[in-house]
Amino acid sequence: DVKALLGALAEIARPRERSFDAPFAMHVDDVFQISGKGTILTGRIESGQIRRGARLSLYEDGIERTVTITNIETFRRHLDVAGDGDHVGLTVSGITRSDVARGAVLATPGSVRQSKLIKATLSSPNFLAASTKAQSGVSDYMLLLQTATVPAKVERSGDLVELRLSDAIPLRKG
């Protein structure tokens, strides 16, 4: 039945709830330096909202830097506020283009911590099965985490997994 199929597709394709009250977080997709404007970080806001003049933390390679948002732009429109789900270009002061790269995280100070170790319990027993040594062992992976690519060793014992990353990455619980 076509109506039942359309209803099922509408249920699956339902947009996610936008989270404006959560702490701000955005993975940096690209970085530009524009003469007379400054350093511009682009990406999609993953949670929270941001106002011009806000002070945020920039996390990359185990280093935390403080930056100030001097301008917010989306599709050639200047904004005072942007929020969860918006694709933006944020002009920041306090860093240059060479201080940041794709994969860095811009977030509310104190809302993330950086780590080289991730411990998890697998909810699907077949997850990683095709590429790990049976049910246990150590394998090398290239993890794609939002806009960052990080080499990692994955050690699995049954449903428990430890990911040992080559570089510290910003993480939020959840």
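Restricting region 44-73 to residues that are touching a residue at least 60 places away in the same chain (Cβ under 8 Å) and open to solvent by less than 10 Å² (accessible area, probe 1.4 Å) leaves a set whose member that is nearest to Val92 (Cα to Cα) is Tyr59. Among the residues of this structure, Ser131 does not count as one that is open to solvent by less than 90 Å² (accessible area, probe 1.4 Å), at pLDDT 65 or above, assigned to a loop (DSSP other than H, G, I, E, B) and among the polar types (S, T, N, Q).
A search for C-beta distances below 6 Å between a residue of region 85-114 that is on the phi > 0 side of the Ramachandran plot and any residue that is open to solvent by less than 70 Å² (accessible area, probe 1.4 Å) and not polar (S, T, N, Q), counting only pairs 6+ apart in sequence or on different chains, returns Gly94/Val67; Gly103/Ala148. So which residues in region 74-97 are closer than 17 Å to Asp29 by Cα and more than 20 Å from the chain's Cα centre (by Cα), if there are any at all? Selection gives Phe75, Thr96.
Just for region 144-174: of the residues that are part of a strand (DSSP E or B) and of a type in the set (D, E, K, R), which one is least open to solvent (accessible area, probe 1.4 Å)? Even if it seems obvious, please write down each step before you answer.
Taking region 144-174 first, the residues part of a strand (DSSP E or B) are 144-145, 148-157, 160-171.
Subset that is of a type in the set (D, E, K, R): 153, 155-156, 162, 164, 167.
Details: Lys153: 105, Glu155: 92, Arg156: 5, Glu162: 47, Arg164: 124, Asp167: 68 Å².
Result: Arg156.
Counting only strands (runs of 3 or more DSSP E) that sit wholly inside region 26-73, those with at least 2 residues that are closer than 20 Å to Ser115 by Cα and within 17 Å of the chain's Cα centre (by Cα) are 55-60.
Among the residues of region 17-39, those that are touching a Leu at 6+ places or on another chain (Cβ under 7 Å) and either over 13 Å from Gln146 (Cβ atoms) or of a type in the set (Gly, Ala, Ser) (or both) comprise Phe24, Val31.
Per the listing Leu58, Leu41, the residue uniquely modelled with pLDDT of 95 or more, among the aliphatic types (A, V, I, L, M) and under 17 Å from Thr108 (Cβ atoms) is Leu41.
Within region 74-101, the set of residues being out of contact with any strand residue (DSSP E or B) (no Cβ under 6 Å at 6 or more places or on another chain), charged (D, E, K, R) and open to solvent by 60 Å² or more (accessible area, probe 1.4 Å) comprises Arg76, Arg77, Asp80.
The values are calculated or read from the model by the stated rules, or taken from the named source; none is laboratory data. Nothing here was measured: the structure is a model prediction, and the numbers come from that model. Here Cβ is always computed from backbone atoms with ideal geometry, including for glycine, and neighbour counts include all displayed protein chains. Side chains are part of the model used for accessible areas, which takes the heavy atoms of the whole protein and leaves out ligands, DNA and RNA. Shrake-Rupley method; radii C 1.70, N 1.55, O 1.52, S 1.80 Å.
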